[in-house]
1. Filter the range 261-278 down to the residues that are surrounded by fewer than 21 Cβ atoms within 10 Å (Cβ to Cβ) and either under 27 Å from I53 (Cβ atoms) or small (G, A, S) (or both) and list them by number.
2. Evaluate the following for V307: is it outside the structural domain of V143 (by TED's automatic domain parsing), away from the ligand (no atom under 12 Å from the Cβ) and among the hydrophobic types (A, V, I, L, M, F, W, C)?
3. Among the listed residues S167, S171, S175, S144, identify the single one that is touching a residue at least 12 places away in the same chain (Cβ under 8 Å), open to solvent by 20 Å² or more (accessible area, probe 1.4 Å) and not in a loop (DSSP other than H, G, I, E, B).
4. Filter the range 228-256 down to residues that are touching a residue at least 12 places away in the same chain (Cβ under 8 Å) and either of a type in the set (D, E) or open to solvent by 10 Å² or more (accessible area, probe 1.4 Å) (or both), then give me how many there are.
5. If you go through the range 183-207 one residue at a time, how many are buried (at least 21 other Cβ atoms within 10 Å of the Cβ), within 18 Å of V228 (Cα to Cα) and more than 13 Å from the ligand (Cβ to nearest atom)?
6. Find the strands (runs of 3 or more DSSP E) located wholly in the range 12-61 whose residues include 2 or more that are within 19 Å of T221 (Cα to Cα) and under 24 Å from the mean Cα position of the chain (by Cα), and list them.
7. Can you name every residue in the range 98-120 that is within 21 Å of the chain's Cα centre (by Cα) and buried (at least 18 other Cβ atoms within 10 Å of the Cβ)?
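The values are calculated or read from the model by the stated rules, or taken from the named source; none is laboratory data. All figures in this text were calculated on a predicted structure; none of them were measured in a lab. Heads up, the Cβs are rebuilt from the backbone with ideal geometry, glycines too, and the neighbour counts pull from every protein chain shown. Note: accessible area is taken over every heavy atom of the protein model, side chains too, but ligands, DNA and RNA are not part of it. Shrake-Rupley method; radii C 1.70, N 1.55, O 1.52, S 1.80 Å.
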Amino acid sequence: MPEPAHPAHVWLDGEIVPWERTMVHVTDAPLFIHAVFEGIRAYWNPAQERLYIFRLDAHLKRLLNSIKLTRMRTTLSKEQIAQGAVALCGALGYREDIYIRPLAYFDPAAFQAATTSGPVHVLINTWPRPSQLDRPTGLKCCVSSWTRIVDNILPARVKCLANYRNSALASTEASFNGYDWAIMINSHGKVSDGTGSALMLVRDGVVLAPTVTDDVLESVTHETLIQVCREVLGVEAVRREMDRTELYSADEAFLCGTGLEVAPISSVDGYTIGNGGIGPITQQLRRMYHDLVRGIDRRYEAWRTAV
Ligand code: PMP
């Protein structure tokens with residue numbers, strides 16, 4: 001039998017419901033430019049026969065901040081949404097790596113066009129998504145000609161669907177020009193995010209990440225990897241502004257994020273990073289990330305929510 005193109009059930013406002021029950025009419029589609037969401041992964045550990053949701057609490061904290069900054073209203077707490085995610089993954093019986101996508105959207109019936117505020121529905125959707133942590137080669141990146149969105153125009157800190165038009169402009173341009181991925185510069189000329197991902201560099205043994213005021217999405221993976229560098233690998237990790245030419249000068253560079261995990265960069269605008277292969281710190285971080293998300297390495301237990 002062919003696999004269904006969607007899960008049998010989703011979670012909506014506190015209840016597990018059949019997927020078919022959550023239809024929205026296409027004439028309500030414009031409302032979705034306001035929608036905010038999260039991207040979360042859960043990893044299957046075959047030896048333990050367990051599915052672990054990674055950094056659920058941090059993702060839901062960011063979701064609730066996106067809801068607040070969008071002036072959306074929900075009576076659901078972080079704990080209720082977390083319980084919903086766990087219950088849904090359990091009910092669907094996944095025994096593989098999956099993606100979990102909470103989405104908060106205005107109720108079409110209650111939406112006030114004049115004020116763009118009001119009650120929202122919170123939906124959780126899921127689908128199988130295998131890890132790609134074992135990519136054998138690095139990504140060929142470019143610096144985009146498109147500038148990263150600005151906090152006072154369209155805040156990158158809010159994980160809003162509309163923000164992803166900015167990423168899409170950059171990633172489409174990159175693929176038209178023969179690159180795998182685009183890196184964006186902010187309006188101050190400093191390095192910001194990759195498209196749909198965060199970025200980190202290694203220079204002289206120090207791991208670098210942009211600051212949270214560099215028009216980045218405040219990345220859960222950044223936080224995770226910075227903590228792992230400092231506490232496990234004994235590698236210095238700092239957040240600071242980064243110049244474009246530091247990208248080209250880096251010993252190692254990688255994109256990171258829930259979806260992309262840890263993805264080495266082999267070149268930027270034709271400048272080879274390191275020797276063009278996967279650098280030693282990137283490799284160590286990739287291995288640690290692999291073991292932590294799946295609960296093979298049992299440290300940082302609070303980061304994993306068992307289903
Ligand atoms: N920046 C952008 C623009 C993103 O879309 C993502 C992916 N959510 C990230 C950074 C990484 O965020 P996280 O590590 O929380 O997944």
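1. S266, S267, G270, G274, G276, G277 - these are the residues of the range 261-278 that are surrounded by fewer than 21 Cβ atoms within 10 Å (Cβ to Cβ) and either under 27 Å from I53 (Cβ atoms) or small (G, A, S) (or both).
2. Values: outside the structural domain of V143 (by TED's automatic domain parsing): yes; away from the ligand (no atom under 12 Å from the Cβ): yes; among the hydrophobic types (A, V, I, L, M, F, W, C): yes.
Judged against the criteria, V307 is a match.
3. Working: S167 fails: open to solvent by 20 Å² or more (accessible area, probe 1.4 Å); S175 fails: touching a residue at least 12 places away in the same chain (Cβ under 8 Å); S144 fails: open to solvent by 20 Å² or more (accessible area, probe 1.4 Å).
Only one candidate passes the filter, namely S171.
4. The initial filter retains those residues of the range 228-256 that are touching a residue at least 12 places away in the same chain (Cβ under 8 Å), namely 228-229, 232-233, 235-244, 246-256.
With either of a type in the set (D, E) or open to solvent by 10 Å² or more (accessible area, probe 1.4 Å) (or both) added as a condition, the list becomes 232-233, 235-236, 238-241, 243-244, 246, 248-249, 251-252.
Qualifying residue count, the range 228-256: 15.
5. Of the residues in the range 183-207, 3 are buried (at least 21 other Cβ atoms within 10 Å of the Cβ), within 18 Å of V228 (Cα to Cα) and more than 13 Å from the ligand (Cβ to nearest atom).
6. Working: elements: 15-18, 40-45, 50-54.
Per the criteria, 40-45, 50-54.
7. To start, the set of residues in the range 98-120 that are within 21 Å of the chain's Cα centre (by Cα) comprises 98-105.
Residues satisfying the conditions are I98, I100, P102, L103, A104, Y105.
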